[in-house]
1. Hull surface divided by four, with the convex hull built on the Cα atoms of the chain: how many nm²?
2. Taking the Cα of residue 139, stepping 7 Å toward and past its beta carbon, and measuring to each backbone N in region 186-207: which are under 19 Å?
3. Enter the mean projected area of the convex hull around the alpha-carbon atoms of region 152-285, in nm², rounded to one decimal.
4. Starting from the Cα gyration tensor of region 256-371, take the square roots of the eigenvalues, sort them a ≥ b ≥ c, and report rounded, prolate or oblate (rounded when a/c is under 1.5, otherwise prolate if a/b is larger than b/c, else oblate).
5. Can you give the extra length, in nm with one decimal, that the chain gains between residue 257 and residue 125 once fully stretched, where that is 0.36 nm per residue apart less the Cα-Cα distance?
6. Give the order of 350, 69, 198 when sorted by the count of other beta carbons within 10 angstrom, beginning with the fewest.
7. Using alpha carbons only, how many angstrom separate the centre of region 241-257 from the centre of region 322-346?
8. Using 7 Å Cα-to-Cβ label points, what is the residue 277/residue 206 separation (nm, one decimal)?
């Protein structure tokens, strides 16, 4: 029987969230530098490899989006422009809430915590750039770690939706075949272009095409059973593995290896009809998965606050710094769940968007004027 929730997806999201939070703790918090004397290998792993969990988020995001579109795409009532705006609202409303906290905490600790992880005071250009997810494109400093990912997620969503819109237009003109299959074809082309061309240029990291390889793998797997292509999901997994190994042989990339591994596991999951996995049906995995985006958004500001306190009172005490790291992680999860429940989960509207835009702008302006 098919599971009501996709436990493997919950596990992927929960693990990726934990790894990214700890990567940023290792990268930005002075507490991690103190702890590195105790656990140097863990520090090296978190700094050099944990960020690759972003590839898991990209594959899973594409997979879930394709699943949600598969039934709606063939319908003439499928409003692409409305869906893009809705995606923007869903991403930006909790982002602005988290950034308001981050900007305020940064200003609060700045006099007592002279550290490279602190962003500069807000500028007039940075405020609208963050509201419209343009900070990296305009080469402006981000207020928080991970803001770039939100912009990339929106770009990838828009790219996938444009492909779907083209597929529906093609279907109306031709009157033959399947809209999903046509969209699938566009996604395959973009995925291969990303893996073999766009992803090789590090200067393209502020643009969606650079990351479409991982995202597109998720799209293709999520849409596969709706394309009616006479090829089993297991064989799709083998095909993905083959293409991935060719791409890695062409240009070795550990992050691509993570994306291919995630995609292959998803193919196995699909081949088993997404059957329930009892050992993964745990409440904490589900809750951590649900709140993963909110935790991702707020953890940097929590780390700043805890780091500032520990840095000022116990800068060299390894035990206190170790406790501080876990306090940062625990508070990030707790505050993230709060943001998920009360800010991210309610239906996004332009009224709520305007409320958080106003809050964010007021916070930044207050710091610019009085900070």
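1. 19.7
2. Residues passing the 19 Å test: 201-207.
3. Details: hull surface 39.0 nm².
Quarter of the Cα hull surface area: 9.7 nm².
4. Judged from the Cα gyration tensor, region 256-371 comes out oblate (a/c at least 1.5, b/c at or above a/b).
5. 43.8 nm
6. Ordered by Cβ neighbours within 10 Å, fewest first: 350, 198, 69.
7. After rounding, the separation between the Cα centres reads 35 Å.
8. My value for the distance between the label points is 3.8 nm.
Since every read-out is calculated from the coordinates, none of them should be taken as a lab result. Treat the numbers as computed from the prediction; the structure is a model and nothing was measured. Neighbour counts are summed over all protein chains in view; Cβ atoms, including those assigned to glycine, are modelled from backbone coordinates with ideal geometry.
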